[in-house]
Amino acid sequence: MDGTLRRLARLRKAELHQHLDGSIPPRKTWALMRRHGLAPVRTFAEMKKLLALQPSEERSLLAYLDKFHYPLWITQFYENIREVTAAIVVDASRRGVRLLELRYSPVIHTFAGMTLRQSIRSVLSGMNLARAHHPIDVGLVVIAMRQHGPHIAKILARQAIAEAEHLHERSGVVGFDIAGAEQGHPPRLFAEAYRIAAAGGLGLTAHAGEAASSDYVWQSVDDLGVRRIGHACSAVSDPALLRRLARDGILVECCITSNYQTGAVQRGSQHPIFRFLEAGIPVAVCTDNSTVSDTDQIRENRYLLEALGPEEIADLHRRAAEHSFIRRRRQFPPAEKERPKEKKRIHRAVLGLFVMTLAAALVASSAGLAAAPAVPAAPAEQPPQPPPGPAPPSTGPSASPPSGQGPAPGGQPSPLRRLPPELRGRGLSPAMSQREVPASEEDAEAKLRELLPLLRAASERHETYALRFTCDETFRTVPYDWQKNEATSENVKRFAYLLAFDQDRSRYNVIRQTLTKEGKPGGEETLQVPCPDAYAWTFLFSPRNQRVLHYRYLGREIKDYRLTHVVEFESSAPFVEGQDTREWSGTVWIEDRTFNFVRIEAIPSFQERRLTGQWRVYTESFNLPWGKARPRPRGYELTVEFNYSRDGMLFPTRVDVREFVWVARGREVTDRRFVQEYTDYRFFQTTTEETQKAPHASP
């Protein structure tokens with residue numbers, strides 16, 4: 001058994017569910033208590049009893065949560081949080097954890113005056129401090145406490161996105177979670193907060209089924225869209241739910257010791273983790289709160305030895321690592337095989353010899369270069385030198401690029417900012433307010449050639465849904481008062497929405513049916529709006545549009561909390577009405593890797609030229625002795641947002657068309673706004689099965 005435990009200790013483990021407050025090493029808590037004069041007891045042994053759950057306190061989730069009381073005394077200050085976070089990461093690394101996600105509720109650490117952002121950054125600072133010196137990948141999962149309500153959860157979701165890992169070069173926030181007392185706080189209340197977190201690229205998990213029925217697990221899956229569930233102990237009583245978790249590959253974060261202590265699992269009964277494994281549900285072995293539960297990863301894995309071997313446990317951790325929300329991580333390797341110490345020493349000796357040989361070669365090479373005489377370049381290859389005199393001012397597109405940016409091909413310095421090397425691949429993201437643009441037009445064209453086939457395929461993926469979905473649409477018409485420049489009234493209508501393909505005209509027609517306040521059909525009505533339908537924009541890169549639209553790659557940018565490619569499109573249609581996608585020009589933001597549309601901003605093509613011409617006619621009409629004055633020029637601005645996620649695709653959720661009037665040349669005033677919001681998508685089956693009948697046998 002001792003050899004087996006040693007192998008467990010050496011396993012490379014993935015910890016996906018560990019709370020920061022309940023995992024501070026007791027020695028660290030005791031030291032900080034004494035440093036600030038806050039120690040409520042005299043000895044460390046007494047302090048440890050206050051921090052860890054005692055046998056007499058078991059079988060109650062509220063008693064378990066009460067153990068977070070004393071750590072909150074010291075975790076109200078930036079430096080303290082930074083220090084305890086680093087201590088937790090170091091302790092986990094020493095126990096073989098190579099991938100760690102810490103859970104943390106920023107709100108309950110702001111009582112001493114820290115802001116939410118400072119509260120989150122303090123944890124991230126401690127993570128990066130420890131990660132720099134230990135072989136471990138870390139990420140933060142932000143928790144919204146149920147008892148704080150849905151509105152605080154939405155605020156936390158937005159703040160968590162601002163510190164998301166994929167928006168920064170360092171470790172960051174990777175997920176979003178809800179925790180706290182379950183009863184009376186159903187997951188469906190937090191659906192909007194989870195929608196915001198999902199739009200910002202955060203992984204979704206939720207505490208559910210620990211002190212409530214399996215209905216809370218169902219709500220977490222259906223209403224919140226989580227990909228992982230914390231605890232889910234009550235799910236074993238619902239076979240349909242087990243099949244759903246297995247079918248969708250939703251991982252359960254199992255905290256064995258904690259579940260027995262809180263009463264989620266009765267002492268003496270088998271833990272649900274084995275039932276999950278039998279049902280084919282992915283699981284992760286987690287500690288929950290290592291200090292409160294007085295446990296660690298080695299002890300939790302030891303419980304599994306009654307049914308699993310070390311190799312199977314190692315495979316569990318490898319599979320759990322695949323469900324991690326941490327994106328920028330090293331590949332989670334298999335468990336290391338035992339290697340004799342003599343073999344390790346030989347490897348170190350060979351590596352040292354190689355390094356010494358390489359250093360000697362570099363020294364010799366540099367000495368030879370220093371001794372060699374300078375060889376002048378050929379005259380034909382030297383660029384012409386300007387005559388001596390004062391340097392010309394660095395203005396215009398031929399000005400020298402900033403430091404660290406070389407000239408573009410052909411010897412001419414590029415006016416565009418060069419993409420850093422890591423941004424040319426799948427590396428780090430630009431700052432949220434910064435657009436990384438190509439180094440030259442050649443680079444932009446090369447990137448566009450790479451993107452167009454992928455974007456065409458994305459348009460074709462949307463086309464498979466065109467005849468198979470409906471949604472509820474809320475249409476608002478908002479007229480504006482020119483003098484006050486504000487809305488005077490608002491007309492709201494709801495419609496059921498369906499796309500139908502017109503074979504004769506080769507286009508998509510919109511069929512809308514009016515909905516009553518109760519959501520029942522109440523007649524038919526067709527709306528005429530000065531823009532193409534929202535779904536038509538998903539075909540922006542279809543073959544029929546690529547023949548009349550010109551594209552230009554502008555670079556990469558963070559848009560709506562997503563890393564996107566920015567593409568400019570321009571129509572060459574000679575006559576513009578603004579009723580078709582091909583008659584508009586603008587900018588589209590496309591999500592990196594998934595190639596989903598994120599946002600489109602457009603205006604009718606040649607609108608400036610048309611408005612200028614109409615303005616000339618309008619002003620000249622005042623000089624005519626007969627007839628009425630011509631109408632003022634009217635123009636449009638369009639914004640389409642894509643926020644509904646389905647099968648890895650984003651669908652339009654809002655179309656905002658602003659209609660403005662020129663009151664002076666170049667000066668516009670909003671006249672009306674058309675806002676269409678699409679919700680409650682309902683998709684039909686998107687795949688068809690063709691069955692071939694067997695030929696009848698001859699009589």
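List the strands (runs of 3 or more DSSP E) that sit entirely inside segment 164-274 and contain at least 3 residues that are more than 20 Å from Gln147 (Cβ to Cβ).
Values: elements: 173-179, 203-208, 228-231, 251-254.
Where strands (runs of 3 or more DSSP E) fall fully within segment 164-274 and carry at least 3 residues being more than 20 Å from Gln147 (Cβ to Cβ), they are 173-179, 251-254.
Return yes when Val548 is under 28 Å from Thr470 (Cα atoms) and either hydroxyl-bearing (Ser, Thr, Tyr) or touching a helix residue (DSSP H, G or I) at 6+ places or on another chain (Cβ under 9 Å) (or both) and no when it is not. Break it down stepwise before answering.
Values: under 28 Å from Thr470 (Cα atoms): no; either hydroxyl-bearing (Ser, Thr, Tyr) or touching a helix residue (DSSP H, G or I) at 6+ places or on another chain (Cβ under 9 Å) (or both): yes.
No; evaluated as a whole, the condition is false for this residue.
Filter segment 99-117 down to residues that are within 25 Å of the chain's Cα centre (by Cα) and part of a loop (DSSP other than H, G, I, E, B) and give me whichever is modelled with the lowest pLDDT.
Thr115
Step by step: first the residues of segment 456-484, then only those that are modelled with pLDDT of 75 or more, among the polar types (S, T, N, Q) and more than 26 Å from the chain's Cα centre (by Cα), then the one that is farthest from Asp647 (Cα to Cα). Which residue is that?
For segment 456-484, the residue satisfying everything is Thr477.
Yes or no: segment 300-312 includes at least one residue that is open to solvent by 50 Å² or more (accessible area, probe 1.4 Å) and free of Cβ contacts under 8 Å to residues at least 12 places away in the same chain.
As a first pass, look at segment 300-312 and keep what is open to solvent by 50 Å² or more (accessible area, probe 1.4 Å): 302-303, 306-307, 311-312.
Then keep just the ones that are free of Cβ contacts under 8 Å to residues at least 12 places away in the same chain; that gives 306, 312.
Yes; the residues of segment 300-312 include at least one that is open to solvent by 50 Å² or more (accessible area, probe 1.4 Å) and free of Cβ contacts under 8 Å to residues at least 12 places away in the same chain.
Being in contact (Cβ under 8 Å) with a residue 12 or more places away in the chain and of a type in the set (A, V, I, L, M, F, W, C) is the filter here, so list the residues in segment 233-255 that pass it.
First, the residues of segment 233-255 that are in contact (Cβ under 8 Å) with a residue 12 or more places away in the chain: 233-238, 241-246, 248-255.
Cys233, Ala235, Val236, Leu241, Leu242, Leu245, Ala246, Ile250, Leu251, Val252, Cys254, Cys255 - these are the residues of segment 233-255 that are in contact (Cβ under 8 Å) with a residue 12 or more places away in the chain and of a type in the set (A, V, I, L, M, F, W, C).
Tally up the residues in segment 214-271 that are open to solvent by 30 Å² or more (accessible area, probe 1.4 Å), basic (Lys, Arg) and within 30 Å of the chain's Cα centre (by Cα), please.
The qualifying residues number 4.
Can you run down the residue pairs with Cβ atoms below 9 Å, 6 or more apart or on separate chains, where the first is in segment 535-553 and within 20 Å of Phe606 (Cα to Cα) and open to solvent by 40 Å² or more (accessible area, probe 1.4 Å) and the partner is hydrophobic (A, V, I, L, M, F, W, C) and modelled with pLDDT of 90 or more?
Sorted first by the residue in segment 535-553, then by its partner, the pairs are Gln546/Leu452; His550/Phe569; Arg552/Ala444; Arg552/Leu448; Arg552/Val567; Arg552/Phe569.
Is it the case that segment 53-68 has a residue that's modelled with pLDDT of 90 or more and of a type in the set (Ser, Thr, Tyr)? Give the steps one after another, and end with the answer.
Here is the first cut: in segment 53-68, the residues modelled with pLDDT of 90 or more are none.
Looking for residues that are modelled with pLDDT of 90 or more and of a type in the set (Ser, Thr, Tyr), one finds none in segment 53-68, hence no.
Could you please give the count of residues in segment 210-232 that are in contact (Cβ under 8 Å) with a residue 60 or more places away in the chain and within 16 Å of Cys286 (Cα to Cα)?
Pass one, segment 210-232, residues in contact (Cβ under 8 Å) with a residue 60 or more places away in the chain: 210-211, 225, 227-228, 230.
Subsequent filtering for residues that are within 16 Å of Cys286 (Cα to Cα) retains 210, 228, 230.
Adding up the residues that qualify gives 3.
Yes or no, residue by residue, for (1) open to solvent by 60 Å² or more (accessible area, probe 1.4 Å); (2) closer than 19 Å to Gly180 by Cβ; (3) of a type in the set (Gly, Ala, Ser); (4) within 40 Å of the chain's Cα centre (by Cα):
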position	(1), (2), (3), (4)
Ala14	no, no, yes, yes
His17	no, yes, no, yes
Leu20	no, yes, no, yes
Arg34	yes, no, no, no
Arg42	yes, no, no, no
Glu46	yes, no, no, no
Leu51	no, no, no, yes
Ser56	yes, no, yes, no
Asp66	yes, yes, no, yes
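So, in segment 272-288, exactly how many residues are of a type in the set (A, V, I, L, M), touching a residue at least 12 places away in the same chain (Cβ under 8 Å) and open to solvent by 20 Å² or more (accessible area, probe 1.4 Å)? Before the answer, list the steps.
So the first thing to find is which residues in segment 272-288 are of a type in the set (A, V, I, L, M), and the list is 273, 277, 279, 281, 283-285.
Narrowing further to those that are touching a residue at least 12 places away in the same chain (Cβ under 8 Å): 273, 279, 281, 283-285.
Those still in the list that are open to solvent by 20 Å² or more (accessible area, probe 1.4 Å) too: 279.
Residues meeting the conditions: 1.
Being part of a strand (DSSP E or B) and modelled with pLDDT under 85 narrows it down to one residue among Val669, Val655, Val640; which is it? Talk me through it step by step, then tell me what you get.
Working: Val655 fails: modelled with pLDDT under 85; Val640 fails: modelled with pLDDT under 85.
Of Val669, Val655, Val640, the one residue that is part of a strand (DSSP E or B) and modelled with pLDDT under 85 is Val669.
Out of segment 432-455, which residues are closer than 15 Å to Asp592 by Cα, open to solvent by 10 Å² or more (accessible area, probe 1.4 Å) and either in a helix (DSSP H, G or I) or modelled with pLDDT of 90 or more (or both)?
The answer is Lys447, Leu448, Glu450, Leu452, Pro453, Leu454.
When you go through (1) assigned to a helix (DSSP H, G or I); (2) among the hydrophobic types (A, V, I, L, M, F, W, C); (3) touching a residue at least 60 places away in the same chain (Cβ under 8 Å); (4) over 22 Å from Ala31 (Cβ atoms) one by one for Ile155, which number turns out not to apply?
Unmet condition: (3).
Please find, within segment 313-336, the residue that is surrounded by the most Cβ atoms within 10 Å (Cβ to Cβ) out of those that are out of contact with any Pro (no Cβ under 9 Å at 6 or more places or on another chain), at pLDDT 90 or above and not β-branched (Val, Ile, Thr). Working first, answer last.
We begin by selecting, within segment 313-336, every residue out of contact with any Pro (no Cβ under 9 Å at 6 or more places or on another chain); these are 313, 317, 321, 324-329, 331-334, 336.
From what is left, the residues that are at pLDDT 90 or above are 313, 317, 321, 324-326.
Okay, now just the ones that are also not β-branched (Val, Ile, Thr), so 317, 321, 324-325.
Values: His317: 25, Ala321: 23, Ser324: 23, Phe325: 22.
Restricting to residues being out of contact with any Pro (no Cβ under 9 Å at 6 or more places or on another chain), at pLDDT 90 or above and not β-branched (Val, Ile, Thr), the top hit is His317.
Can you tell me which residue in segment 22-32 is nearest to the chain's Cα centre (by Cα), limited to those that are over 30 Å from Ala211 (Cα atoms) and among the aliphatic types (A, V, I, L, M)? Steps first, please.
Taking segment 22-32 first, the residues over 30 Å from Ala211 (Cα atoms) are 27-28, 30-32.
Those left that are additionally among the aliphatic types (A, V, I, L, M): 31-32.
On the way: Ala31: 38, Leu32: 36 Å.
Step by step, filter segment 22-32, then rank; the result is Leu32.
Starting from segment 596-624, take each residue that is open to solvent by 70 Å² or more (accessible area, probe 1.4 Å) and assigned to a helix (DSSP H, G or I) and list its partners that are modelled with pLDDT of 85 or more and among the hydrophobic types (A, V, I, L, M, F, W, C), counting only C-beta distances under 7 angstrom and pairs at least six apart or across chains.
Final answer for the pair search is none.
The values are calculated or read from the model by the stated rules, or taken from the named source; none is laboratory data. The model shown is predicted, which means the values in this text are computed figures rather than measured ones. Ideal geometry is used to build each Cβ from the backbone, glycine not excepted, and the neighbour counts take in all protein chains shown. For accessibility, only protein heavy atoms count, side chains too; no ligands or nucleic acids. Shrake-Rupley method; radii C 1.70, N 1.55, O 1.52, S 1.80 Å.
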